[in-house]
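Working notes, beginning with the structure itself.
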Amino acid sequence: MFEVLVAIHNVLRWVVLIAAFAAIGTAWQGVLSKRAYTRGDRLRSVALVASVHTQLLLGLALYGLSPIVRTGLTDMANAMSTRGIRFFVVEHIALMLLAVFVIQAGSIAAKNADDDAKKHKRGAIFYTLGLLLVLGGIPWFRPLFPGL
């Protein structure tokens, strides 16, 4: 079961990245071109938020099932001194929780802005910050396509 969830989590990572790049690209394009905030812009925002929330729920399930996390939580001194364990016990989950918070806040801020320019600007800034957090939390030391 754990391996199946990890595989789904790995695939969904790419969905999150694609949704983030799409939302960020159109948000920055809207800022630079001063165009209207469209239904398509909102849908890209919703797709990004939905994908990061789905990834978060799956990640929380994995956190509870992970043998690495269990090992780390039983011996925090060792976990903090071992990069691979520390990453999954503390760093990955902290960065990803913060990323979800920033992306969600950006979606709300953009939706509630009173003009199109502010909607684009808020989305662009928050989604870019969220993506940077996601990129910082990806385990780049592991295969990007496990099992291949």
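The values are calculated or read from the model by the stated rules, or taken from the named source; none is laboratory data. Quick caveat: nothing in here was measured; it's all calculated off a predicted structure. Here the Cβ is made from the backbone with ideal geometry for all residues, glycine too, and neighbour counts use every protein chain on show. Ligands, DNA and RNA are stripped out before the accessible areas are found, and what is left, the full protein with its side chains, is counted by its heavy atoms. Shrake-Rupley method; radii C 1.70, N 1.55, O 1.52, S 1.80 Å.
Within segment 16-74, the set of residues being farther than 16 Å from residue 127 by Cα, open to solvent by 40 Å² or more (accessible area, probe 1.4 Å), assigned to a helix (DSSP H, G or I) and of a type in the set (Val, Ile, Thr) comprises 54, 68, 71, 74. Annotation: of all residues in segment 83-92 being of a type outside the set (A, V, I, L, M, F, W, C) and open to solvent by less than 50 Å² (accessible area, probe 1.4 Å), the one that is nearest to residue 106 (Cα to Cα) is 92.
In this structure, does residue 122 turn out to be over 25 Å from residue 1 (Cα atoms) and open to solvent by 70 Å² or more (accessible area, probe 1.4 Å)? When the stated conditions are applied, residue 122 passes them. Within segment 107-127, being of a type outside the set (A, V, I, L, M) and touching a residue at least 40 places away in the same chain (Cβ under 8 Å) holds for 107, 111, 116, 119, 120, 121, 123, 127. Considering 136, 130, 72, the condition of being over 19 Å from the mean Cα position of the chain (by Cα) and touching a residue at least 12 places away in the same chain (Cβ under 8 Å) is satisfied by 72 alone.
For segment 23-69, the set of residues classified as closer than 21 Å to residue 86 by Cα and in contact with a Gly (Cβ under 9 Å, 6 or more places away or on another chain) consists of 66, 68, listed by residue number.
If you go through segment 132-147 one residue at a time, do you hit one that is open to solvent by 70 Å² or more (accessible area, probe 1.4 Å) and of a type in the set (Gly, Ala, Ser)? Yes, segment 132-147 contains a residue that is open to solvent by 70 Å² or more (accessible area, probe 1.4 Å) and of a type in the set (Gly, Ala, Ser).
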